[in-house]
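Data block below; observations after.
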């Protein structure tokens, strides 16, 4: 195994991603600082969503350079197809970040990219079809994890480490190169994506990350020795992403909501409803992915019996059932601005003040459209004879109230 080539490629991916992410972060901060209150939304939000391009450029450049220098070994053809498909998916995500695309078009492009990556690996027709379906499904599942700061990068880092370990156990340099450079690139990106995140992966970075992980898993599975239970161990590495996708689909199906419309019902949203902090959500999902990845890797290494692969799967299924009990579709609370309360010192219509109590009075006479609203009590007079304005219900000074009404 060309260990030095893989280490050099990973270091290059880390360096390029950190430098590019820092530049994008500065651009987003400047765009946000130049935004004037009350004006149209600035380009800072768009710049933050384009943070995933740093991962694409860093990982892609390092992997392409490593493949060209021979770090891929005998699997250069398969790695080239993987990088080509990942580039197509990244371009799709970049366009989607700027101008949203329809679901059929996105699925078609992802299927074409997966077909390219799988065909260059040379599997059998049946295995190739199953691999394409699996790559598209896992890619979309990982793309759904971009719902909170640091979650996608954390889970992707843990999963890439597991794939790298599985490829290293078989001594296959080419299959270890993509997860190695992705691992380094995600670590560099996580430095700027941790809460409070200044940049986000967006569709470009999330689709690219999911595609590289799914395609690397498919290639390792296709070239795994027969004695290893790869068909059981490797799917366990994607437990968190698959659990989140299953939770979303089941929840929206039960609530009779559109399956393809984001409704704030992911694992991250439900954990936040349990008052888990944003960094805590990333840590929880990272530990969840770490437990599943460790189990799958040990099963692949034949340290554990293949039956142990059911432990993280069963635990994830139980977690999904428990998370379904957390309400996700709650109507927004009525704010103070939406409540209509009578100002301080006024008397409701149809009542008369008698001492300290209120008693029903005669029916009110409707006022003319141009007449002002009736005042319940004569306001107090100051020494110069000018009326004193009572404080508004929100507690703000009377000057602010006058400015708001003008």
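We did not get these values from a lab; they are worked out from the coordinates using the rules stated. No experiment lies behind these values; they were computed from the predicted model shown. Neighbour counts are summed over all protein chains in view; Cβ atoms, including those assigned to glycine, are modelled from backbone coordinates with ideal geometry.
Taking N as the number of residues in the range 3-323, what value does Rg over Cα atoms divided by 2.2 N^0.38 Å take?
Its radius of gyration relative to the 2.2 N^0.38 Å reference: 0.96.
For the range 233-287, what Kirkwood radius comes out of the mean inverse Cα-Cα distance, in Å?
This gives a value of 12.3 Å.
Could you tell me the center-to-center distance, by alpha carbons, between the range 214-257 and the range 305-324 in angstrom?
12 Å
Per the Kirkwood definition applied to all pairs of different Cα atoms, how many angstroms is the hydrodynamic radius of the range 95-146?
Result for the range 95-146 stands at 11.9 Å.
Each label point is 7 Å from the Cα along the Cα-to-Cβ direction; what then is the distance between the points at residue 325 and residue 15, in nm?
Result for the modelled spin labels: 5.3 nm.
Ordered by packing density, taken as the mean number of other Cβ atoms within 10 Å over each peptide's residues, highest first, how do 305-318, 160-173 rank?
Final packing ranking: 160-173, 305-318.
Kirkwood hydrodynamic radius for the range 151-247: how many Å is it when counted over pairs of different Cα atoms?
Mean inverse Cα-Cα distance, inverted, gives 13.9 Å.
Normalise the Cα radius of gyration of the range 158-199 by 2.2 N^0.38 Å (N = residues in it) and let me know the number.
1.38
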